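The values are calculated or read from the model by the stated rules, or taken from the named source; none is laboratory data. This one's a predicted model, so the numbers in the text were calculated from it and none came from an experiment. Cβ placement follows ideal geometry from the backbone for every residue including glycine, while neighbour counts extend to all protein chains displayed.
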Amino acid sequence: MSTAVPPSARGQSLIGELERLQAQGLYRRLRVREGPQVPDTVIDGRAVLAFCSNDYLGLANHPEVVAALHSGAERWGVGSGAAHLISGHCAAHQALEEALAELTGRPRALLFSAGYMANLGVISALAGRGDTVFEDRLDHASLIDGALLSRARLKRYPHGDAGALAGLVAAADAPRLIATDGVFSMDGDLAPIAGLARVAEHCGAWLMVDDAHGLGVLGREGRGTLDHLGLRVDQVPILMGTLGKAFGTFGAFVAGPVPLIETLIQRARSYVYTTALPPALAEATRVAVAIARREEWRRERLRALIRRFRNGAGQLGLPLGPSQTPIQPLLAGGSGRALAWGRALEARGILVGAIRPPTVPPGSARLRITLSAAHSERDVDRLLDALAVLPEAEAA
């Protein structure tokens, strides 16, 4: 006869695990922000200059976007009330999907409630038992989880190594899909998409690019990493993009050929079985996309700030990763060092996220510095001044 475990013992096991995380410098805590998403903000009651937002173009608090949300709520109400396939899909959603399809140069686009849900939905809809999915070692967790959910075999190739991928594909059965980030969220570097496309074409697999951190930032009118690299639309049949980063709102979409989108409508469980985005949010996002496309100065400003930061960091001898995007990783190595650096910056009124395992591999903890068109040159100089006096014992 089995012996029941008392509730107190189960709770104690959780406490023990939390204490272990804390001792390893891996415990995570929520912070409370007051006011809108802007660089000069208040976190936990303290004024700080933030370099940890993905609001790359400074649109999250743009007055036209805010006004569109207000007017959308007045017309459509707050909630969509149902899934897209029941009664939740409205003209606001349809107009946004058409705008996103036009932005990406693809026949159709399909809205999802979050990027995580989009990646889960696509991979589990297209791959299953007996198939093989190939992913970059540093792909976003949602791509990895999508492959696991699909029950396909998951093969991961060394970061950014299209040659290694080709070797894995040649030795595998039933290559179904290759998935990669466009801009890697923790390193800021770009995937070798042209090489991946050649492998996919050779083996007949789908190629999927998660361009969450490239859309709005890279390419003509913010069309993303594929446009930046000069790739044709047909080289990457599946494109996923998020709306809560450069576009400043919330949600995600998948763009591609009509048969793909129709298949997702039928089979992507994270689309079929969830409530649609609020229509007012779709209205606000359509305005944000239009602003992002027409206001090239935002990308120009962002590029100038990136150059200014990297030049200054180089003069200080800081261990930056090789990123030319708004994501600038300052490599610390150990979690304790990353936390110490973050605390030192916060003591000077600057907030930067300390990224530790499992978000990044062990031994690669870092400060993930993110720049925005909403920052000023003075903001960047202030950050550099603070980085110049990081604790020497921790920076060694």
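Residue count for segment 321-345 satisfying the condition of being without any contact (Cβ under 8 Å) to a residue 60 or more places away in the chain, surrounded by fewer than 19 Cβ atoms within 10 Å (Cβ to Cβ) and under 20 Å from the mean Cα position of the chain (by Cα): 1. Provide a single number: the residues in segment 275-296 that are among the hydroxyl-bearing types (Ser, Thr, Tyr) and either touching a Cys at 6+ places or on another chain (Cβ under 8 Å) or buried (at least 17 other Cβ atoms within 10 Å of the Cβ) (or both). Looking only at that region, the number is 1.
Of all the numbered requirements in (1) acidic (Asp, Glu); (2) touching a residue at least 60 places away in the same chain (Cβ under 8 Å); (3) under 19 Å from residue 317 (Cβ atoms), residue 379 misses one, and that requirement is (3).
Listed conditions (1) out of contact with any helix residue (DSSP H, G or I) (no Cβ under 7 Å at 6 or more places or on another chain); (2) not in a loop (DSSP other than H, G, I, E, B) are all met by residue 61, apart from (2).
To keep it simple, each residue is scored yes or no on (1) surrounded by 13 or more Cβ atoms within 10 Å (Cβ to Cβ); (2) β-branched (Val, Ile, Thr); (3) in contact (Cβ under 8 Å) with a residue 60 or more places away in the chain.
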| site | (1), (2), (3) |
| --- | --- |
| 20 | no, no, no |
| 37 | yes, no, yes |
| 47 | no, no, yes |
| 55 | yes, no, yes |
| 58 | yes, no, yes |
| 63 | no, no, no |
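Test residue 366 against the criterion of being over 27 Å from residue 61 (Cβ atoms) and in contact (Cβ under 8 Å) with a residue 12 or more places away in the chain, and give yes or no. I'd like the intermediate steps shown before the answer.
Values: over 27 Å from residue 61 (Cβ atoms): yes; in contact (Cβ under 8 Å) with a residue 12 or more places away in the chain: yes.
Spelling it out, residue 366 is indeed over 27 Å from residue 61 (Cβ atoms) and in contact (Cβ under 8 Å) with a residue 12 or more places away in the chain.
The helices (runs of 4 or more DSSP H) falling completely within segment 268-361 that include 3 or more residues that are in contact with an Asp or Glu (Cβ under 8 Å, 6 or more places away or on another chain) map to 279-294, 296-316, 335-347. Within segment 20-43, does at least one residue satisfy the condition of being part of a strand (DSSP E or B), in contact with an Asp or Glu (Cβ under 7 Å, 6 or more places away or on another chain) and not assigned by TED's automatic domain parsing to the domain that holds residue 258? Checking segment 20-43: at least one residue is part of a strand (DSSP E or B), in contact with an Asp or Glu (Cβ under 7 Å, 6 or more places away or on another chain) and not assigned by TED's automatic domain parsing to the domain that holds residue 258. Filter segment 198-221 down to the residues that are crowded, with 24+ Cβ neighbours inside 10 Å, in contact (Cβ under 8 Å) with a residue 40 or more places away in the chain and either within 19 Å of residue 145 (Cβ to Cβ) or of a type in the set (D, E, K, R) (or both) and list them by number. Correct list: 208, 210, 212, 213.
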